[in-house]
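Some notes on the structure that comes next.
The values are calculated or read from the model by the stated rules, or taken from the named source; none is laboratory data. Predicted model only: the values in this text are computed from it and were never measured. Reconstructed Cβ throughout: ideal geometry from the backbone, glycine too, with neighbour counts over all protein chains shown.
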Amino acid sequence: MKKIFPHKLIKKNFNLNQFLKLKAFLSSKGIIVKKKTTFKFGFEKFKTFYLTGFSSLLIILVAFTIPLFSEFAEINPKIVKDFKINDSNKKFKKVLEGGNLENKTKLDEGLDLSNILEDVFKFEELPKDSVRLSASTIEQLFRDTNYSLSEVRKSKKVKPIRLSLLPNEIKQIENSKQRKNLFIQIILPLILEENNLILLDRKRLFSILNKNKNSKKEINWLNIKFKQYGVLNKDIPTLKVRMDIVPVSLAIAQAAKETGWGTSRFALEGNALFGQWTWSGDGIKPAGAESDTKHKVMKFNVLKASVRAYQRNLNTHSSYKNFRQLRAQLRDESEKLDSLLLADQLDSYAETGEEYTKILKQIIKQNALKDFDDVKLMPLSVKYKNLI
C-alpha cells in the first residue's frame, strides 16, 4: 500500500475540511495518509558549538586517561613492554644539572682500552733528542725568568717553561726544601698544561651539546674523544664524567710520593712520574722484584707523556670510578675540586690502600700544595687566554 506524507500536500492557504475530505477519498482508494515525524534541534544553527564541545570533551578524556595508563604500565610492565619513550636527552640534561638519575649503575661503566693512550704513544714517536739540563742550569733559568714558587703563590700565575727531563743532580740536592721546590717548579707547568687541554676539550664538549645540529667536524671530534676516554656506545654522560681535570695539588702529591720528589730510578731513567704499571711493551722492572714478576713500570720519552698517561688513567680506569663520581658531584654542586676529599678515593692506586691516601693528604698539607690549585699557566697562544 502506497504511503503519502501530508507535508508534501500542505499549501500556504491550508483548509482543514478539505484536507479531511481528501484524506477520506484517498482512504477509499486504498491510500493511507500518514504524518511523517521529524525531529529538529537546530543542529545546523549550533553545529560549531556542538563540534567544539565534543572536541573539548575528547581532549579532556585523553588527558585524564594517559596518567592512568602510565600507572597501569608500572604495575603491569608486560602489557606495555613494547611501548618505549626516547628520554635520553632528558636524562643527559639531568646529569648536566646534577639531577639524580633513576639508575646510575650504567654511568661511567665499561672501558675500551684500544685507543685511550694513542695520543700518549705519539710522544714516543718523537726523536729522542731532548737535552737533559743540569740542576744548576735549570735553577738559573728559573731565576732569570723570575719563576719562583713564592711568586706563584702571590700572583697565581706560572711561567710556561716546559722541560722534558728531570736533572740527574736532583737526587744529590741535600736540602729537602730546595729539592722539593725544584721538583714542583719542573712539573707544575706540565700538569697545568694538560689540565688546560682538558678544560678546552670540556668547553668544546658543552658547546657541541648546546647545539641543535652538529657539523661533521664536531661529530668526528666527539668520536675521537669517545676513543680517548674509552667510552662504550658513545655514551655522552660517561664522557662528561671522565673528561675533567685532576687537581694540581693532588697530581703533585702523587708524583712526589711515587718518585721520592724526583729522585727515583723510574723518574730519572724512564720519565715515569706516577709509577704506572704495564704488562706489555717497554718498561722498567722494579729492583728486587721476583723473577716471575710480569709487570713493569711504564717509561716515557718525555715527562709530559707521563702526566698525560696519569690523567688518562685516573679518568678511565674502573679502580678510580669513585674518584670520578665524587669529582662530578662536586661539579654539580658548584664546589671546588678538593684534593683532600678526592685523595680518599685513590686507595686503589697503591697496595697500601688507605695508608696511601693518608700519605697523599699529609704531603698536600705539609707542603701547602693547595696553594697551586687555583694558579693559571700564562698562555703560549691566544686560545688559552680565556682560561686565565
Just wondering, is there one or more residues in the stretch 171-193 that are closer than 23 Å to Phe372 by Cβ, surrounded by fewer than 14 Cβ atoms within 10 Å (Cβ to Cβ) and either within 15 Å of the chain's Cα centre (by Cα) or of a type in the set (A, V, I, L, M) (or both)?
no
Taking Phe323 as meeting all but one of (1) surrounded by fewer than 19 Cβ atoms within 10 Å (Cβ to Cβ); (2) within 17 Å of the chain's Cα centre (by Cα); (3) of a type outside the set (Lys, Arg), write down the number of the exception.
(1)
Name the single residue, out of those in the stretch 297-321 being part of a helix (DSSP H, G or I) and in contact with a strand residue (DSSP E or B) (Cβ under 9 Å, 6 or more places away or on another chain), that is nearest to Pro286 (Cα to Cα).
Ser306
Hey, can you tell me all the residues within the stretch 194-241 that are aliphatic (A, V, I, L, M), surrounded by 13 or more Cβ atoms within 10 Å (Cβ to Cβ) and in contact (Cβ under 8 Å) with a residue 60 or more places away in the chain?
Ile198, Leu199, Leu200, Leu209, Val231, Ile236, Val241
Please work out if Asn220 is modelled with pLDDT of 95 or more, under 24 Å from Ala272 (Cβ atoms) and among the polar types (S, T, N, Q).
no
If you go through the stretch 226-255, how many residues are touching a Lys or Arg at 6+ places or on another chain (Cβ under 9 Å) and in a helix (DSSP H, G or I)?
11
